[in-house]
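What follows is a set of notes on a single structure, which appears directly below.
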Amino acid sequence: QVQLVESGGGLVQVGGSLRLSCAASGSSSSINTMGWYRQAPGKQRELVADIISDGSTNYGDFVKGRFTISRDNAKDTVYLQMNSLKPEDTAVYFCNAYFRLGSLRIGNIYWGQGTQVTVSS
(Lines give C-alpha, C1' and ligand atoms only; values in the text may rest on other atoms or scores of the structure.)
Protein backbone atom coordinates (compact mmCIF):
# COMPACT_ATOMS: atom_id res chain seq x y z
CA GLN A 1 0.00 0.00 0.00
CA VAL A 2 1.00 3.56 -0.68
CA GLN A 3 -0.20 6.54 1.30
CA LEU A 4 -0.29 10.00 -0.24
CA VAL A 5 -0.42 13.16 1.82
CA GLU A 6 -1.07 16.47 0.06
CA SER A 7 -0.43 19.97 1.29
CA GLY A 8 -0.30 23.51 -0.02
CA GLY A 9 -3.84 24.28 -1.08
CA GLY A 10 -5.66 27.42 -0.05
CA LEU A 11 -7.19 30.69 -1.16
CA VAL A 12 -5.40 32.90 -3.64
CA GLN A 13 -6.33 35.88 -5.77
CA VAL A 14 -6.49 35.84 -9.54
CA GLY A 15 -3.02 35.89 -11.02
CA GLY A 16 -1.47 34.51 -7.86
CA SER A 17 0.55 31.37 -7.27
CA LEU A 18 0.36 28.26 -5.14
CA ARG A 19 2.62 25.27 -4.71
CA LEU A 20 1.13 21.90 -3.93
CA SER A 21 3.12 19.05 -2.45
CA CYS A 22 2.35 15.35 -2.22
CA ALA A 23 4.48 12.94 -0.24
CA ALA A 24 4.26 9.20 -0.74
CA SER A 25 4.96 6.66 1.96
CA GLY A 26 4.62 2.91 2.32
CA SER A 27 5.42 0.67 -0.63
CA SER A 28 6.74 3.52 -2.77
CA SER A 29 8.77 1.07 -4.86
CA SER A 30 5.45 -0.05 -6.35
CA ILE A 31 4.94 3.33 -8.05
CA ASN A 32 6.90 5.28 -10.63
CA THR A 33 4.36 7.85 -11.74
CA MET A 34 2.95 10.59 -9.57
CA GLY A 35 0.60 13.32 -10.58
CA TRP A 36 -2.27 15.65 -9.93
CA TYR A 37 -5.89 15.58 -10.95
CA ARG A 38 -8.53 18.12 -10.10
CA GLN A 39 -12.28 18.12 -9.75
CA ALA A 40 -14.49 21.17 -9.71
CA PRO A 41 -18.10 21.03 -8.49
CA GLY A 42 -20.32 19.38 -11.07
CA LYS A 43 -17.40 18.44 -13.30
CA GLN A 44 -15.43 15.32 -13.97
CA ARG A 45 -12.03 14.75 -12.51
CA GLU A 46 -9.36 15.79 -14.99
CA LEU A 47 -5.63 15.36 -15.33
CA VAL A 48 -3.56 18.38 -14.38
CA ALA A 49 -0.10 16.89 -14.77
CA ASP A 50 1.90 13.80 -14.05
CA ILE A 51 5.55 12.87 -13.97
CA ILE A 52 7.38 9.58 -14.23
CA SER A 53 10.47 8.77 -12.21
CA ASP A 54 12.68 9.46 -15.26
CA GLY A 55 11.36 13.02 -15.35
CA SER A 56 8.98 12.66 -18.28
CA THR A 57 5.95 14.90 -17.83
CA ASN A 58 2.44 15.14 -19.17
CA TYR A 59 0.09 18.12 -18.77
CA GLY A 60 -3.58 18.79 -19.27
CA ASP A 61 -4.32 21.03 -22.24
CA PHE A 62 -5.67 23.81 -20.05
CA VAL A 63 -2.34 24.22 -18.23
CA LYS A 64 -0.72 26.08 -21.14
CA GLY A 65 2.57 26.75 -19.45
CA ARG A 66 1.11 28.05 -16.21
CA PHE A 67 1.82 25.00 -14.08
CA THR A 68 5.00 23.01 -13.56
CA ILE A 69 5.22 19.55 -12.06
CA SER A 70 8.42 18.28 -10.50
CA ARG A 71 9.47 15.52 -8.17
CA ASP A 72 12.11 14.64 -5.65
CA ASN A 73 12.67 10.92 -6.04
CA ALA A 74 14.74 10.72 -2.87
CA LYS A 75 11.81 12.07 -0.88
CA ASP A 76 9.07 10.35 -2.92
CA THR A 77 7.45 13.74 -3.24
CA VAL A 78 5.84 15.49 -6.17
CA TYR A 79 5.25 19.21 -6.46
CA LEU A 80 2.89 21.29 -8.54
CA GLN A 81 3.82 24.92 -8.98
CA MET A 82 0.78 26.84 -10.17
CA ASN A 83 1.18 30.36 -11.50
CA SER A 84 -1.19 32.84 -13.13
CA LEU A 85 -4.13 31.21 -11.41
CA LYS A 86 -7.62 31.81 -12.74
CA PRO A 87 -11.04 31.43 -11.11
CA GLU A 88 -11.64 28.36 -13.28
CA ASP A 89 -8.69 26.68 -11.56
CA THR A 90 -10.81 26.47 -8.42
CA ALA A 91 -11.19 22.79 -7.57
CA VAL A 92 -10.15 20.04 -5.24
CA TYR A 93 -6.73 18.85 -6.32
CA PHE A 94 -5.93 15.18 -5.82
CA CYS A 95 -2.53 13.57 -5.86
CA ASN A 96 -2.27 10.14 -7.42
CA ALA A 97 0.38 7.53 -7.92
CA TYR A 98 0.77 4.27 -9.80
CA PHE A 99 3.22 2.19 -11.77
CA ARG A 100 3.37 2.90 -15.47
CA LEU A 101 4.92 0.62 -18.05
CA GLY A 102 4.79 2.25 -21.44
CA SER A 103 1.17 3.27 -21.81
CA LEU A 104 -0.09 0.70 -19.32
CA ARG A 105 -0.95 1.14 -15.68
CA ILE A 106 0.29 -1.80 -13.66
CA GLY A 107 -1.25 -2.61 -10.29
CA ASN A 108 -3.14 -0.26 -8.02
CA ILE A 109 -3.72 3.44 -8.41
CA TYR A 110 -3.48 5.40 -5.20
CA TRP A 111 -5.16 8.69 -4.34
CA GLY A 112 -4.63 11.35 -1.75
CA GLN A 113 -7.45 12.91 0.22
CA GLY A 114 -7.48 16.08 -1.87
CA THR A 115 -6.66 19.69 -1.14
CA GLN A 116 -8.89 22.64 -1.95
CA VAL A 117 -7.62 25.39 -4.22
CA THR A 118 -9.80 28.47 -4.46
CA VAL A 119 -8.99 31.36 -6.78
CA SER A 120 -10.93 34.49 -5.99
CA SER A 121 -11.59 37.38 -8.29
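The values are calculated or read from the model by the stated rules, or taken from the named source; none is laboratory data. Fair warning: this is a prediction, and the values are worked out from it, not measured in the lab. Reconstructed Cβ throughout: ideal geometry from the backbone, glycine too, with neighbour counts over all protein chains shown. Just the protein is used for accessible areas: all its heavy atoms, side chains included, with ligands, DNA and RNA removed. Shrake-Rupley method; radii C 1.70, N 1.55, O 1.52, S 1.80 Å.
Quick grid of which residues meet (1) in a loop (DSSP other than H, G, I, E, B); (2) in contact with a Cys (Cβ under 7 Å, 6 or more places away or on another chain); (3) of a type in the set (D, E, K, R):
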| position | (1), (2), (3) |
| --- | --- |
| Ala24 | no, no, no |
| Met34 | no, yes, no |
| Val63 | yes, no, no |
| Arg71 | no, no, yes |
| Phe94 | no, no, no |
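Within the stretch 1-46, can you find the residues that are basic (Lys, Arg) and either within 12 Å of Ile109 (Cα to Cα) or open to solvent by 30 Å² or more (accessible area, probe 1.4 Å) (or both)?
Scanning the stretch 1-46 gives Arg19, Lys43, Arg45.
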Among the residues of the stretch 81-121 satisfying the criterion of being among the polar types (S, T, N, Q) and more than 15 Å from Leu20 (Cα to Cα), which is most open to solvent (accessible area, probe 1.4 Å)? Ser121
Looking at the stretch 58-68 only, could you name the residues that are open to solvent by 10 Å² or more (accessible area, probe 1.4 Å) and either aliphatic (A, V, I, L, M) or within 16 Å of Asn96 (Cβ to Cβ) (or both)? Asn58, Tyr59, Gly60
Name the pairs whose Cβ atoms lie under 9 Å apart, with the first residue in the stretch 71-96 and in contact (Cβ under 8 Å) with a residue 24 or more places away in the chain, the second buried (at least 18 other Cβ atoms within 10 Å of the Cβ) and of a type in the set (Asp, Glu), and 6 or more positions between them or separate chains? Val78/Asp50; Met82/Asp89; Tyr93/Glu6; Phe94/Glu6; Cys95/Glu6; Asn96/Asp50
